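Colleague: Questions regarding the structure given below will be posed in turn.
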Amino acid sequence: MGGDTLDIVRIDNFIDITEKYSTARRYVDGLSNYLYGILAKDQRGGTNLKQSDYKARYSSAFDILKGFETPLSAIVNVIINFNKNIFSYSNLLFTPQLQQVMSRL
């Protein structure tokens, strides 16, 4: 996505493009829930979600992504925890900069 703006269309395109990879469906669901949660929380990107819906989207994303051992899933879960003011997370070995920030908090 680079410098482009996150919106519903981009998330839906991501889902559509990855649909052919049936083994990645659950992973895509987790990432999509997280992205929809961002839009709900910030009330932008053409979302019809209420702002309070971001918590449910984040929780769903966290529950799905905790079952994956990938750097992306771990980082997304760290960010979700950060939004909940949970500053300790052990899966940061591959992200020393983020580990440093979290240790300060």
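The values are calculated or read from the model by the stated rules, or taken from the named source; none is laboratory data. Bear in mind the structure is a predicted one, so any value in this text is a computation, not a measurement. FYI the Cβ positions are ideal-geometry reconstructions off the backbone, even for glycines, and counts take in every protein chain you see.
Colleague: Taking the residues in the stretch 84-96 that are surrounded by 13 or more Cβ atoms within 10 Å (Cβ to Cβ) and among the polar types (S, T, N, Q) as candidates, determine which candidate is modelled with the highest pLDDT.
Modeller: Thr95
Colleague: How many residues are surrounded by fewer than 20 Cβ atoms within 10 Å (Cβ to Cβ) and more than 15 Å from Ile11 (Cβ to Cβ) when one looks only at the stretch 50-75?
Modeller: Taking the stretch 50-75 first, the residues surrounded by fewer than 20 Cβ atoms within 10 Å (Cβ to Cβ) are 50-53, 55-56, 59-60, 63, 66-72, 75.
Filter again for more than 15 Å from Ile11 (Cβ to Cβ), leaving 50-52, 55-56, 59, 63, 66-72, 75.
Counting residues in the stretch 50-75 that are surrounded by fewer than 20 Cβ atoms within 10 Å (Cβ to Cβ) and more than 15 Å from Ile11 (Cβ to Cβ) gives 15.
Colleague: Suppose the filter is buried (at least 16 other Cβ atoms within 10 Å of the Cβ), at pLDDT below 95, over 19 Å from Ile80 (Cα atoms) and more than 11 Å from the chain's Cα centre (by Cα); does Thr47 pass it?
Modeller: Here the answer is yes, as Thr47 does meet what is asked.
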